[in-house]
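Note sheet for the following structure.
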Amino acid sequence: MKKIIILCLTINVLFAFNSFGKENETRKLLIGKIIDAESGTAIAGATVRLIESNKGTYANRLGQFRLSVPFGKQILRISSLGYETQKINLIDRTDSLTIKMRPSSILLKSVDVTANITADQVVSRAIAKKQDNMQKIKTFSGLLYSKLTMELGGSLIQGSSDNPGEISIGVPFSGGDKSSESADSYKFFVLESFARNSIDFPKKINHSQIIQRRQTANIAPENNLLTIGNYQSFYEERINIVNANFATPLAKDAMDFYKFEIIDKTMIDNRFVYVISVTPKTTTYPAFVGTIKVIEGTYNLIEVNLSPSSQSAVSFIDDLNYVQKFEEIKSEIWYPTYLDVTAKAKIDVLKGFADIKADLRAVSIYSEMSVNEPLADSLYNAGLSRISVSNLADSVDNTFWEQNALREISEKEIKMYKSVSEGIKKRDSLQTQDSNFKFDWASFYFDFNRVGAVSLGWAPELTIYNFHIDSKYYYSFGQKNSFGELGAFYTFDLIDKVDLTLRVNSFSIINEAGNNQSYSRFYNSILSLLEHDDYYNYFKSDGFLAGWEINYKSFSLWSEFESSRQSSLKITTKNTLFYTNKDWRKNPAIEEGNFKTISVGTSVGTADNLNLTGRFDYLLDFTAMYGENFTNQKTFRSVEGRTKLSIPTFNTGYLPMMIDWTVNAGIASDNLPSQYQFLLNSTMLFLAAPNTFASAPTAKYGGTQYVATHFNFNSRDLWWRALGLPMFKGRGLELLVGGSVAKFNNYSNSIFLPTGKNIYAEAGFGLGKIPLFFTNILFLESNFRWGLAPLGKKRFGWELNISSPF
């Protein structure tokens, strides 16, 4: 069945492609400019349509348009709000037109703008009309032309003097050899595409098939998916912009968010049109400001011109503007057919010193539209992806685009197309390594802990196709010995979207004890040097391991075998940067011997990652281990599992309020060696890993059985905005509350303190989205926790985390 579907789509694409080709043989490119007959100023957004055809386009902001039209008798219809509609016979016209439109003569007379109706009444009827209109539309199909341009600038964008399209990103220190700059990225990007969109509204099927596309050479074709994804409709109840959720002016609850006022009346096709100003009624939620235009009598929405209000926060985006137009596709059925978006973006890595700027423009134009017509049967196949790409989409030469593109190519774009392509060729000619061969030799290794003191070394990596070799060699000045490891792994596609990775590794290393790997060794090294607080216990491990892992989307399954000789290590240093001869927490001796272990594990879900979508997410993982110490003929086993849920609750206009709830549990045989035992996670200094106890002492509690739960609720900054407190970039401080509880059991020879029937618990609050005024890419989050129950009594801890700008 899948092959049949692909064949049907291919046939459709070939037919569409051939149709484009045949049309080009009998068509001419019409280029025009639409201006005001009296003032000579450009008329932006004027509608250009062929009569008795749904082919057409819109004038850009300079009044210019491009349209491929058939040879022969054709009548062009040009309309715009406030002007008399014109009809032009193209049979005797040249390929270039200047169309002068006259203001509507009716507008020269006195017009009562408000008459006997209020703005709220007009908007209420427009909302009802929109809902009635959408109920009439069962299916929709159309040809969508999309174009996106983006130009980068800022102090971090370093251009090449030889190639104006070429950039690299780096800190703007003076001096240096510009000729050595990377050519991997460029300051100008252009993407264009034609796509056939098909929508079945009752069945919620939405498919887009890219027929043709092109882009500057610095963007891979597979990344050009300009289709329905960038086409936002103000018929929707909500518009999502980066992290902000805006109610549209025709949403059912629009009256809760906006104040409306009739400020003018204009004309189109002898019909009066209300011009209504839109201003926010609330500063608590993000909202638009601008105008909407509604036809008198029918109350159809015909145009919006909107921008986020000054109180709304859209991360990194400024000067964002939407212009959208709506047309009557069939009698009494309207649909959005045009969208023009402009924006400026700025990322302040270090305000006043290091930044990245971007100017963006996206335009989408529908033509060849039909509503309530049967759609292809193949579109209803459940296995069909939302976006498909024709095999011929990237094979069309510039002749096609010269004849069919609905937006002109500016002189600047032509130069940038050329410079970018030449830059790519130059980069490729200078490239000395094959793209499938990479050797990273400049990876240095540093580690500091209480048993190894300072360790320095080298960690080169080699990649050949999908085969990777990792290595590490370092010398420990505390142990006065060399350590290292050499590993290799290979990843290949087992079946469609299923990856299999095979790994082998030999090692002689200073290893961390316990099941807890909350902090990286480098992170632990820095804090140990600064604070004289080493998070881990250590032992020496010599041996090898072999394993495999299967990944499919968010599901993974793995297994690993390890054989090693393990021995205890003693503390070798007392000094750190700010402390001399201060005692460390002891490094306990382990159960020594020759060990062999087999571990298996599985996980599904992505909730362990940073959730920037605000959607429900989860993570389930499970690990089991069987081991034997061949020195004393002792066997042992352990099982550990975790469940994590991220649950959205109340809408805030940005990311929703979230509940994060985690439950961890583990059980093992009573004779589990200490280096494999479970450990209560604690905050190191004041910088926390996920699901740690801020008030707990380091490595004091653990054992062979445990259960722990962590609960956190982020109310976002809605409370701050609702109180009208001063905001930074439209946002306030987030309020967080949470707590943690854990119960550990251990046997008499455990290295951890006995807990009996007691639990360790803590609770507290925090503040998030604390601004760092020198950057807009990072915010801070601080949590304060007070210990509860017998084990946590009179203890206090706090955490400082990085918070996202969203």
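A few comments on the model shown:
- Against the criterion of being farther than 30 Å from ARG731 by Cα and assigned to a loop (DSSP other than H, G, I, E, B), LEU610 does not qualify.
- Enumeration of residues in segment 548-563 that are crowded, with 17+ Cβ neighbours inside 10 Å and either in contact with a Ser or Thr (Cβ under 6 Å, 6 or more places away or on another chain) or assigned to a loop (DSSP other than H, G, I, E, B) (or both): GLU549, GLU560, GLU562
- All of ASN594, ASN581, ASN632 fail the test of being out of contact with any Cys (no Cβ under 8 Å at 6 or more places or on another chain) and in a strand (DSSP E or B), apart from ASN594.
- Under the condition of being touching a Ser or Thr at 6+ places or on another chain (Cβ under 8 Å) and on the phi > 0 side of the Ramachandran plot, the residues counted in segment 743-797 number 1.
- Considering (1) within 23 Å of SER563 (Cβ to Cβ); (2) surrounded by 14 or more Cβ atoms within 10 Å (Cβ to Cβ); (3) at pLDDT 95 or above, the lone condition that ASP470 does not fulfil carries the number (3).
- Residue match in segment 564-587 (condition: open to solvent by less than 40 Å² (accessible area, probe 1.4 Å) and at positive phi): no
- Some residue of segment 784-801 being open to solvent by 40 Å² or more (accessible area, probe 1.4 Å), modelled with pLDDT under 90 and in a strand (DSSP E or B): yes
- Matching residues in segment 300-334 - criterion: being of a type outside the set (S, T, N, Q) and touching a helix residue (DSSP H, G or I) at 6+ places or on another chain (Cβ under 8 Å): LEU301, GLU332, ILE333, TRP334
- Residue list for segment 667-699, filter: within 17 Å of VAL741 (Cβ to Cβ), open to solvent by 10 Å² or more (accessible area, probe 1.4 Å) and either part of a strand (DSSP E or B) or of a type in the set (Asp, Glu) (or both): LEU679
- Residues (of a type in the set (D, E, K, R), open to solvent by less than 80 Å² (accessible area, probe 1.4 Å) and at pLDDT 95 or above) located in segment 474-513: GLU485
- GLU52 vs. criteria modelled with pLDDT under 90, closer than 27 Å to ILE210 by Cα, open to solvent by less than 80 Å² (accessible area, probe 1.4 Å) and acidic (Asp, Glu): no
- Odd one out for PHE288 among (1) under 30 Å from ILE199 (Cα atoms); (2) open to solvent by 30 Å² or more (accessible area, probe 1.4 Å): (2)
- Of the residues screened, ASN537 is one that is in contact with a helix residue (DSSP H, G or I) (Cβ under 9 Å, 6 or more places away or on another chain) and open to solvent by less than 70 Å² (accessible area, probe 1.4 Å).
- Some residue of segment 273-285 being among the small types (Gly, Ala, Ser), at negative phi and under 26 Å from the mean Cα position of the chain (by Cα): no
- For segment 754-779, a residue qualifies if it is open to solvent by 60 Å² or more (accessible area, probe 1.4 Å) and either among the β-branched types (Val, Ile, Thr) or under 30 Å from SER638 (Cβ atoms) (or both), and the qualifying residues are PRO754, LYS757, ASN758, ILE759.
- Flag for TYR523 being within 39 Å of the chain's Cα centre (by Cα) and of a type in the set (Phe, Trp, Tyr): yes
- On the stretch given as segment 625-647, residues that are more than 14 Å from ASN671 (Cα to Cα) and either open to solvent by less than 30 Å² (accessible area, probe 1.4 Å) or charged (D, E, K, R) (or both) total 5.
- Test result for ASN651, surrounded by fewer than 19 Cβ atoms within 10 Å (Cβ to Cβ), in contact with a Lys or Arg (Cβ under 8 Å, 6 or more places away or on another chain) and outside any strand (DSSP E or B): no
- Among the residues making up segment 708-753, those that are hydroxyl-bearing (Ser, Thr, Tyr), open to solvent by less than 60 Å² (accessible area, probe 1.4 Å) and either assigned to a loop (DSSP other than H, G, I, E, B) or closer than 17 Å to SER315 by Cβ (or both) are SER715, TYR747, SER750.
The values are calculated or read from the model by the stated rules, or taken from the named source; none is laboratory data. Fair warning: this is a prediction, and the values are worked out from it, not measured in the lab. Note that we place each Cβ from the backbone using ideal geometry, even for glycine, and neighbour counts take in every protein chain shown. Note: areas computed on protein heavy atoms with side chains; ligands, DNA, RNA excluded. Shrake-Rupley method; radii C 1.70, N 1.55, O 1.52, S 1.80 Å.
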